[in-house]
Amino acid sequence: MITTKPAELLVKVTFKGELIADSGDAVALKEGSYPVVYYLPRKDVKMDRLARSSHTTHCPFKGDASYFSLAGGPENAVWSYETPYDEMPEWGALGPKSLKGSPVTIHLYVDDVDAVVERAVKAGAKVTMPVADQFWGDRYGKLEDPFGHHWSVATHVRDVSMEEAQKAMREMEKSCTK
């Protein structure tokens with residue numbers, strides 16, 4: 001079984017005292033009984049210090065890996081899944097695009113909804129409902145990621161009394177019937 005999660009730590013890679021990579025956005029991948037492997041976004045790697053090699057491998061779960069050697073250092077030291085698999089149909093693992101949509105919206109409460117949505121858009125998500133202050137007290141918006149998954153993201157900004165929420169709901173209903 002393969003599991004991934006944000007590493008939630010700063011990952012630094014050095015070679016002979018030179019900083020090659022420095023990332024706070026690493027993803028920790030755990031595959032079966034193997035040790036954890038950290039995947040770093042290219043933006044955090046000095047790619048000019050790496051040279052693509054002719055070596056490749058194939059993983060039935062992740063796809064084809066391309067390898068890179070460190071200039072003046074070890075060969076095939078770094079690998080990249082440049083077009084990873086989104087799904088595994090032979091295992092019944094299908095994504096929203098194959099299913100013609102997602103029956104699920106994943107909701108996240110975060111410290112800064114605007115920053116999270118901005119980062120998601122930079123990573124390829126599209127906004128389906130712009131972030132705005134809502135009558136129930138959240139700053140809230142919705143996204144669809146490049147794989148077709150739906151996300152709602154919010155930051156709670158104020159508590160709302162039951163009376164205030166009911167009044168706002170009646171106002172919203174009036175605007176829907178026009």
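The values are calculated or read from the model by the stated rules, or taken from the named source; none is laboratory data. Predicted, not measured: the structure shown is a model, and the values here were computed from it. Here the Cβ is made from the backbone with ideal geometry for all residues, glycine too, and neighbour counts use every protein chain on show.
Overview of results
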| item | result |
| --- | --- |
| Every pair of residues 6+ apart whose Cβ atoms lie under 7 Å, when the first sits in the range 24-40 and is farther than 20 Å from Ser66 by Cβ and assigned by TED's automatic domain parsing to the domain that holds Phe68 while the second is modelled with pLDDT under 90 and among the basic types (Lys, Arg) | Ala28/Lys5; Val36/Lys30 |
| Residue within the range 49-61 that is among the basic types (Lys, Arg), more than 25 Å from Asp145 (Cα to Cα) and touching a residue at least 40 places away in the same chain (Cβ under 8 Å) present | no |
| Some residue of the range 34-51 being of a type in the set (D, E, K, R), within 21 Å of the chain's Cα centre (by Cα) and part of a strand (DSSP E or B) | no |
| Candidates Ala120, Ala132, Ala115 - the one that is in the same structural domain as Val160 (by TED's automatic domain parsing), part of a strand (DSSP E or B) and not basic (Lys, Arg) | Ala132 |
| Positions within the range 100-112 being touching a residue at least 24 places away in the same chain (Cβ under 8 Å) and not in a strand (DSSP E or B), in sequence order | Gly101, Ser102, Val104, Val110, Asp111, Asp112 |
| Selection within the range 50-107 - out of contact with any strand residue (DSSP E or B) (no Cβ under 6 Å at 6 or more places or on another chain) and on the phi > 0 side of the Ramachandran plot | Gly63, Gly72, Gly92, Lys100, Gly101 |
| Pairs where the first residue, in the range 148-162, is of a type in the set (Asp, Glu) and the second is part of a loop (DSSP other than H, G, I, E, B) and at pLDDT 90 or above, C-beta under 8 Å, 6+ apart | Asp159/Gly137 |
| Single residue of the range 135-178 satisfying the filter (closer than 25 Å to Gly101 by Cα and outside any strand (DSSP E or B)) that is farthest from the chain's Cα centre (by Cα) | Gly148 |
| Condition check for Leu19: in a strand (DSSP E or B) and either at pLDDT below 90 or over 30 Å from Ser98 (Cα atoms) (or both) | yes |
| Qualifying residue in the range 82-92 (condition: of a type in the set (Gly, Ala, Ser), free of Cβ contacts under 8 Å to residues at least 24 places away in the same chain and surrounded by 14 or more Cβ atoms within 10 Å (Cβ to Cβ)) | no |
| Which listed residue, of Lys46, Lys62, is charged (D, E, K, R) and modelled with pLDDT under 90 | Lys62 |
| Residue selected from the range 93-115 under the condition of a type outside the set (Ser, Thr, Tyr) and surrounded by 15 or more Cβ atoms within 10 Å (Cβ to Cβ), by the criterion modelled with the highest pLDDT | Val113 |
